[in-house]
Ligand code: DP6
């Protein structure tokens, strides 16, 4: 039996499109910050008495498509380890109440860590990152703490994450504005594929990412929060332009997303450096220097309840431990 704890991550340069949908090889590199506030703990044990995988998330049994996706992932672990038993999987998502931020990144990173260890494998961080990738692309990056790069690679062996700065030793901070608790209607898996196939701007996106990766890495090396935030915001807007320009077009934004964007821009007009990013859902994350935190929280609190504003620092990489039955 083994347990793993993995934190979620938010991309500053986004992954939005696959080259290989089965192996989850992305079209582009990406770069993220692991967050300390949001994480998943997962315990796995293989059991010869089981006739199917038994899965719970937050103490609720998981069935249907959700269970099938986890079983497919466990099949990869069974294949790697040569084990054949089914497994008990118990997972807990630790997110602030009603956050709507439960993430496949922390979930599949924790599952990769716990399942591989419970199966008797002792994988390197790099191999764990490759394994987590098979569950969900963004999980690749949640193996490491701090600022992390996912090298797109060209096959299973070459597509993995590396830490850029495991301990973030400058003021970079992120605040999540919880604008909605509903489940997203269009999964990132479906949404990104539709962008690859049907957005006329997809080739331009690849060039945008190439250039944003270089700018972002230079900005991180220089501890330049303004350049990090500006680049992340530009990258997010261009990613979301791919959803609007797909056929059929769609958006993850709702009216509250637009209010949050406007609130961040208002703060900026007042001379406070802060920037926004959004993923495949309506929540908005704000990027800034922690020295400005109080002014930013006060400013955003004019539009959003304070309990919807969750401040997060850079978080740690995965932890895995063995447990006796
Ligand atoms: C917008 O990793 O959830 O958050 O690989 O299909 O499981 P799958 O997709 P997923 O997509 C994440 C998309 C994103 C950007 C990012 O995290 O880089």
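Readers should treat all values here as calculations from the given coordinates under stated rules, not as data from a laboratory. The structure displayed is predicted, hence computed values, not measured ones. All Cβ positions, even for glycine, are placed from backbone atoms using ideal geometry, and neighbour counts span all protein chains on display.
Per residue, the Cα convex hull of region 105-222 amounts to 154 Å³. Peptides 86-92, 283-289, 48-54, 76-82 ranked from most to least packed by the mean count of surrounding Cβ atoms within 10 Å: 283-289, 86-92, 76-82, 48-54.
For region 212-266, what does the alpha-carbon gyration tensor say about shape, rounded, prolate or oblate, given a ≥ b ≥ c as the root eigenvalues, a/c under 1.5 as rounded, and a/b over b/c as prolate? Cα axes put region 212-266 in the oblate bin.
For the ranges 310-321, 290-301, what's the packing order if you count other beta-carbon atoms within 10 Å of each residue, average per peptide, and put the highest first? Please list the in-between numbers first.
Working: 310-321: 19.0, 290-301: 15.8.
Taking the mean over residues of other Cβ atoms within 10 Å, the ranking is 310-321, 290-301.
Here is the tail figure for region 2-168: Cα pairs spaced more than 24 Å apart come to 30 percent of all pairs. Which FRET efficiency value, to the nearest 0.05, is calculated for residue 167 and residue 321 with the Förster distance at 25 angstrom and r the Cβ-Cβ distance? So the FRET efficiency works out to roughly 0.70. In summary, region 172-312 shows an alpha-carbon radius of gyration equal to 1.08 times the 2.2 N^0.38 Å reference for compact globular proteins.
Here the contact order of the chain, divided by its residue count and restricted to Cα pairs under 8 Å and six or more residues apart, works out to 25 percent.
Once every DSSP H run of n ≥ 4 in the chain is given -39500 (n - 2.57) and the sum is divided by its residues, what mean residue ellipticity at 222 nm do you get, rounded to the nearest 500 deg cm²/dmol?
Per the formula, -12000 deg cm²/dmol.
Summarising the label geometry, the points placed 7 Å from Cα in the beta-carbon direction at residue 214 and residue 20 lie 2.7 nm from one another. The relative contact order of region 2-168 comes to 29 percent, based on Cα pairs under 8 Å that sit 6 or more residues apart. Against the chain, whose longest principal axis is taken from its Cα atoms, helix 202-221 shows a tilt of about 80°.
Treating the Cα atoms of the chain as identical point scatterers in vacuum, please give the log10 of the normalised Debye intensity I(q)/I(0) at q = 0.08, 0.12, 0.13 Å⁻¹, two decimals. Values returned for q = 0.08, 0.12, 0.13 Å⁻¹ are -0.35, -0.80, -0.93.
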